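Below is one structure, written out as structure tokens; the observations come after it.
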Amino acid sequence: MTISRRTLLKTSALAAIAGGVAAPHVARAQSPEFSYKYANNLPVTHPMNVRAAEMVEAIAKETNGRVEIKVFPSSQLGGDTDMLSQLRSGGIEFFTLSPLILSTLVPNASISGIGFAFPDYAAVWKAMDGDLGTYVRGQIGKAGLVAMDKIWDNGFRQITTSTKPIESAADLKGLKIRVPVSPLWTSMFKAFESAPASINFAEVYTALQTRTVDAQENPLAIISTAKLYEVQKNCSLTNHMWDGFWFLANRRAYERLPEDLRAIVTKHVNAAGLKQRADVFELNASLRKELEGNGLAFNATKPESFRDQLRKAGFYAEWKAKYGDEAWGILESVTGKLS
């Protein structure tokens, strides 16, 4: 199934309802044996939630109603760090989270977000569906969570500002920029001599609107669906890092499912993730014209100036030491030498 940009951005049928977005009614032999919550921080029209709606319907159908999953989009259950705590305690059973924010619990999870590491999607999926993804899932498992095999896509991130456009690393000096709550993001923008502020996504629009910060960075799909263009003027195409979403499960809740039901849930989560990847790729590729129509001015950048500044500031050497030789070696087997 291919989802058009119009469908993704105008899916009124997926409007959030009290108690979460549940699967449409399917024929059920009985009341659900397992009723789980899946939370995320993205608008209901984002490809993540479009595919999640299909996913929970398919799970309900194939399990004959034994497994019910309710979707809670748009940070309905709290900010990212809040929802991560709920996932660990069992307050919610499933949660999608950026590896970089997950690094507050699993330090090496953020290695996939190293600045200017991946030149394109081919390199991303080679790493994340290969040895790097296997390594990170192992690290996540040690923290008592389960990460599904297929990481979902967020996209390559771009910088938007309400002040001047960003053309080279020098333009980032002194910039008040919102970053997610993650040591790697803060470290990278400090290497650019910016003034990064760690703010949960649910608060980003207000922080930009009130000029608490002058800039933020996200993929185009999020800039569009969260309407950040309303409070920003410029979008600089930096592609400074790739970001995704690990589909995480509370281990106790996941293992409570009988093996046959667990296999069905896992199968549909991974299938939805692959479809969501294709949606995000298509959406990010087509959004520039629409965002320009909404008043966002785009500009090209000088990529080498950013990587040179990171090397000069010791960013790569610092994070190689933090991640360790094993993890860094797996990363550079795909990206080539960074430090």
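The values are calculated or read from the model by the stated rules, or taken from the named source; none is laboratory data. Every value quoted in this text rests on a predicted model; they were computed, and no experiment measured them. Heads up, the Cβs are rebuilt from the backbone with ideal geometry, glycines too, and the neighbour counts pull from every protein chain shown.
Tell me, yes or no, whether the stretch 281-290 has at least one residue that is modelled with pLDDT of 95 or more and closer than 25 Å to Leu102 by Cα.
Looking for residues that are modelled with pLDDT of 95 or more and closer than 25 Å to Leu102 by Cα, one finds none in the stretch 281-290, hence no.
Can you list the strands (runs of 3 or more DSSP E) found entirely within the stretch 69-176 that contain at least 1 residues being within 24 Å of Gln309 (Cβ to Cβ), out of contact with any Ser or Thr (no Cβ under 6 Å at 6 or more places or on another chain) and modelled with pLDDT of 95 or more?
Ranges flagged: 152-156, 158-161.
Which of (1) modelled with pLDDT of 95 or more; (2) β-branched (Val, Ile, Thr); (3) in a loop (DSSP other than H, G, I, E, B) is the odd one out, the single condition Val181 does not satisfy?
That leaves (1) as the condition not met.
Please go through the stretch 296-336 and pick out each residue that is outside any helix (DSSP H, G or I) and over 25 Å from Lys173 (Cα atoms).
Gly324, Gly336
Failed condition for Ser333, given (1) out of contact with any strand residue (DSSP E or B) (no Cβ under 8 Å at 6 or more places or on another chain); (2) touching a residue at least 40 places away in the same chain (Cβ under 8 Å); (3) surrounded by 15 or more Cβ atoms within 10 Å (Cβ to Cβ); (4) closer than 28 Å to Leu248 by Cα, with all others met?
Answer for Ser333: the failing condition is (3).
Just one of the numbered conditions (1) surrounded by fewer than 21 Cβ atoms within 10 Å (Cβ to Cβ); (2) at pLDDT below 95; (3) closer than 19 Å to Gly113 by Cα is not true of Ala202; which one?
(3)
Since Leu228 meets every condition but one in (1) under 21 Å from Gly113 (Cβ atoms); (2) surrounded by fewer than 20 Cβ atoms within 10 Å (Cβ to Cβ); (3) at pLDDT 95 or above, which condition does it not meet?
(2)
Yes or no: the stretch 18-26 includes at least one residue that is assigned to a helix (DSSP H, G or I), buried (at least 17 other Cβ atoms within 10 Å of the Cβ), out of contact with any Asp or Glu (no Cβ under 7 Å at 6 or more places or on another chain) and at pLDDT below 95.
Scanning the stretch 18-26, I find no residue that is assigned to a helix (DSSP H, G or I), buried (at least 17 other Cβ atoms within 10 Å of the Cβ), out of contact with any Asp or Glu (no Cβ under 7 Å at 6 or more places or on another chain) and at pLDDT below 95, so the answer is no.
Out of all the residues in the stretch 151-173, which are farther than 30 Å from His268 by Cα, touching a strand residue (DSSP E or B) at 6+ places or on another chain (Cβ under 6 Å) and not hydroxyl-bearing (Ser, Thr, Tyr)?
Filtering the stretch 151-173 for residues farther than 30 Å from His268 by Cα gives 158-173.
When the remaining residues are screened for being touching a strand residue (DSSP E or B) at 6+ places or on another chain (Cβ under 6 Å), the result is 158-161, 165-166.
Listed by number, the residues that qualify are Gln158, Ile159, Pro165, Ile166.
Name the residues in the stretch 250-280 that are hydrophobic (A, V, I, L, M, F, W, C) and either more than 19 Å from Ala53 (Cα to Cα) or touching a helix residue (DSSP H, G or I) at 6+ places or on another chain (Cβ under 6 Å) (or both), would you?
Ala253, Leu257, Ile264, Val265, Ala272, Val280
Which of the residues spanning the stretch 50-74 are under 19 Å from Gln276 (Cα atoms) and of a type in the set (Gly, Ala, Ser)?
So in the stretch 50-74, the residues under 19 Å from Gln276 (Cα atoms) come out as 50-59, 69-74.
Answer for the stretch 50-74, where residues must be under 19 Å from Gln276 (Cα atoms) and of a type in the set (Gly, Ala, Ser): Ala52, Ala53, Ala58, Ser74.
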